[in-house]
Amino acid sequence: MPLKVRIKIIAIVLFSALGLFVILNFSPWLALAAALIGIFYLEMIYPKLNFFSPAILNVKDQGERAVAITFDDGPSEWTLKILDHLRDQNVKSTFFFLGKNLERYPEIAKRAHAEGHTIGIHGYSHTKFHFKGADFIHEDLDRCFKSFQSLGIKPAALIRFPHGFKNFFAVRDARRRGLTICSWGKGVWDSKRPGVQTIVDRSLKLKAGEILLLHDGDGAKENPDRSQTVEALPEIIRGLKAKGFEFVTLDERHSRWKKAVKAVGVSSKEILEECKPFNPIKK
Ligand SMILES: [Zn+2]
């Protein structure tokens, strides 16, 4: 997170503390504590706020006209049609696969990987992590890595937490595994199935450098309906191309595989050892 934003947030905390102090006649320390708790909570549930952890928030470093399309919650049978569209339009994207769905659709995951898309981690069960403890989160991520391992797929060192919700334990576990947290800039709520045209219209508001979030699954649910997303995708790609955007995938060079020797999970450690170290980008 840029220094400017951090300073802004500190200013917001201080002002809200002052507000609480004046309005509720709190003691100043109690007011400050209340404001800090508010900010902590906001960071837990707001994916774009990464005050305490570095995260990929955009793809501006990959070119002036770069945008990224990302998919969460797959693989599912809908992923096949999405892969067809991406192949037809010669676009690479980033998929955050769920361990449980990898076990259901191993061949689809293998195809996405073989076709050169970036594959990241979305946990195993799609449980929201923000009120979970270290052990639960660790086990969930271990199971996700094991699902990848059983398919022989090495995921990129990128993680997007379910719903983007996180807490201290989730951030620490991801960091120990050498994973970089991935956020997004534009959510179009295709998960709520608002209609094909609405998904297209919202997606075409994407600005240079932004990351678009779409879904090829529905959490850990069986038989999700992603027909609208699939139908909208070709239109979205054509529209964004017409605006002169170039499609990139989220870049695992942001991740710090070198630090991953500290990886705590046995299953993830084995995968990490296969990875060539490289120079992480300084943010
Ligand atoms: Zn998800």
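The values are calculated or read from the model by the stated rules, or taken from the named source; none is laboratory data. Source: prediction; values computed, not measured. Please note: Cβ atoms are built from the backbone with ideal geometry, for glycine as well, and neighbour counts cover all protein chains shown.
Hey, PHE129 hits all of (1) touching a Phe, Trp or Tyr at 6+ places or on another chain (Cβ under 7 Å); (2) in contact (Cβ under 8 Å) with a residue 60 or more places away in the chain; (3) surrounded by 23 or more Cβ atoms within 10 Å (Cβ to Cβ) but one; which does it fall short on? Result: PHE129 fails condition (2) only. Within region 234-253, if we keep just the residues that are within 19 Å of the chain's Cα centre (by Cα) and not β-branched (Val, Ile, Thr), the residue that is surrounded by the most Cβ atoms within 10 Å (Cβ to Cβ) turns out to be LEU250.
Screening PHE145 with (1) modelled with pLDDT of 95 or more; (2) over 23 Å from LEU80 (Cβ atoms) gives one miss only, at (1). Checked against (1) assigned to a helix (DSSP H, G or I); (2) away from the ligand (no atom under 16 Å from the Cβ); (3) modelled with pLDDT under 95, ARG238 passes all but condition (3). Whether a residue is more than 20 Å from SER76 (Cα to Cα), within 14 Å of the ligand (Cβ to nearest atom) and in contact with a strand residue (DSSP E or B) (Cβ under 6 Å, 6 or more places away or on another chain) was assessed, and CYS182 passes this test.
Looking only at residues in region 79-116 that are within 14 Å of the ligand (Cβ to nearest atom) and either in contact with a strand residue (DSSP E or B) (Cβ under 9 Å, 6 or more places away or on another chain) or assigned to a loop (DSSP other than H, G, I, E, B) (or both), the one that is farthest from GLU231 (Cα to Cα) is GLY99.
Scanning region 202-237 for residues that are among the hydrophobic types (A, V, I, L, M, F, W, C) and touching a strand residue (DSSP E or B) at 6+ places or on another chain (Cβ under 9 Å) returns LEU206, ALA208, ILE211, LEU212, LEU213, LEU214, ALA232, LEU233, ILE236, ILE237. LYS48 meets the conditions (1) outside any helix (DSSP H, G or I); (2) crowded, with 17+ Cβ neighbours inside 10 Å in every case but one. The failed one is (2). When restricted to residues that are surrounded by fewer than 18 Cβ atoms within 10 Å (Cβ to Cβ) and within 16 Å of the ligand (Cβ to nearest atom), region 188-197 contains 3. When restricted to residues that are surrounded by fewer than 17 Cβ atoms within 10 Å (Cβ to Cβ) and either within 16 Å of the ligand (Cβ to nearest atom) or assigned to a loop (DSSP other than H, G, I, E, B) (or both), region 55-74 contains 3. Among the residues making up region 139-175, those that are in a helix (DSSP H, G or I) and within 16 Å of the ligand (Cβ to nearest atom) are ASP140, LEU141, ARG143, CYS144, SER147, PRO162, HIS163, GLY164, ALA170, ALA174.
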